[in-house]
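To start, the structure itself, in structure tokens.
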Amino acid sequence: MKYRANQYKANKKLKVVCLLSTDHCNEVVPSSKTDRDGNPVLKPTCVLDYNRCMGGVDLMDQQLQSLLVIRKAYKWYKKVFFRLLMQCLLSSHKMYKPRGGRNDFLKFLHDIVTQLLALAPRLAPTRTPLDSIARLTGHFPVKRAYEGQGSRRASKKKICRVCYACGLRTEKGGPIETTWVCDTCP
């Protein structure tokens, strides 16, 4: 069955929804919603049945879709790990809210990451303090702004302090440059 649903809000076109069901027949019935003119909105019975019986998995997918945690370049097992981690964090946020939690999910996630970074041990005790994970608490990277005016602007890149202190170099032997700097201590 093909069903033309309500209009997209961005480009004012009808969206086409393709449905496949072995349980429902090809019927369209009025739903509980009305359009601008007060006429009832007609929907297929399988859409109304799906919306009535939709479970928590679909709602969790909707809530996690807005956060871009899983990147395209990750291997499949990393995607599975981050997906399970985000589902656990969302479930813990759902348990946190009834117990007096006032933060939304993004703030809750930020607080958890900050606490984990603050409690993390150093990566290697023999290296410089620049290589510690604890150096990231309170410091967040931003893009470095251009210096200068007109067509003769200064270079946007800068030598990375952490890579320079660890002795890391590019393939040609030059220093590693970056366009990211700390907002509080550039």
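Of all residues in region 96-105, those satisfying the criterion of being part of a helix (DSSP H, G or I) and within 21 Å of the chain's Cα centre (by Cα) are 96, 97, 105. Restricting to region 12-44, count the residues that are more than 34 Å from the chain's Cα centre (by Cα) and polar (S, T, N, Q). Of the residues in that region, 3 qualify. All of 148, 100, 167 fail the test of being modelled with pLDDT of 65 or more and farther than 24 Å from residue 86 by Cβ, apart from 167.
Do you know which residues across region 43-58 are among the hydrophobic types (A, V, I, L, M, F, W, C) and either assigned to a helix (DSSP H, G or I) or modelled with pLDDT of 90 or more (or both)? If the condition is that a residue be among the hydrophobic types (A, V, I, L, M, F, W, C) and either assigned to a helix (DSSP H, G or I) or modelled with pLDDT of 90 or more (or both), then 46, 47, 48, 53, 57 are the ones that fit.
The values are calculated or read from the model by the stated rules, or taken from the named source; none is laboratory data. All values derive from a computational prediction rather than experimental measurement. Note that we place each Cβ from the backbone using ideal geometry, even for glycine, and neighbour counts take in every protein chain shown.
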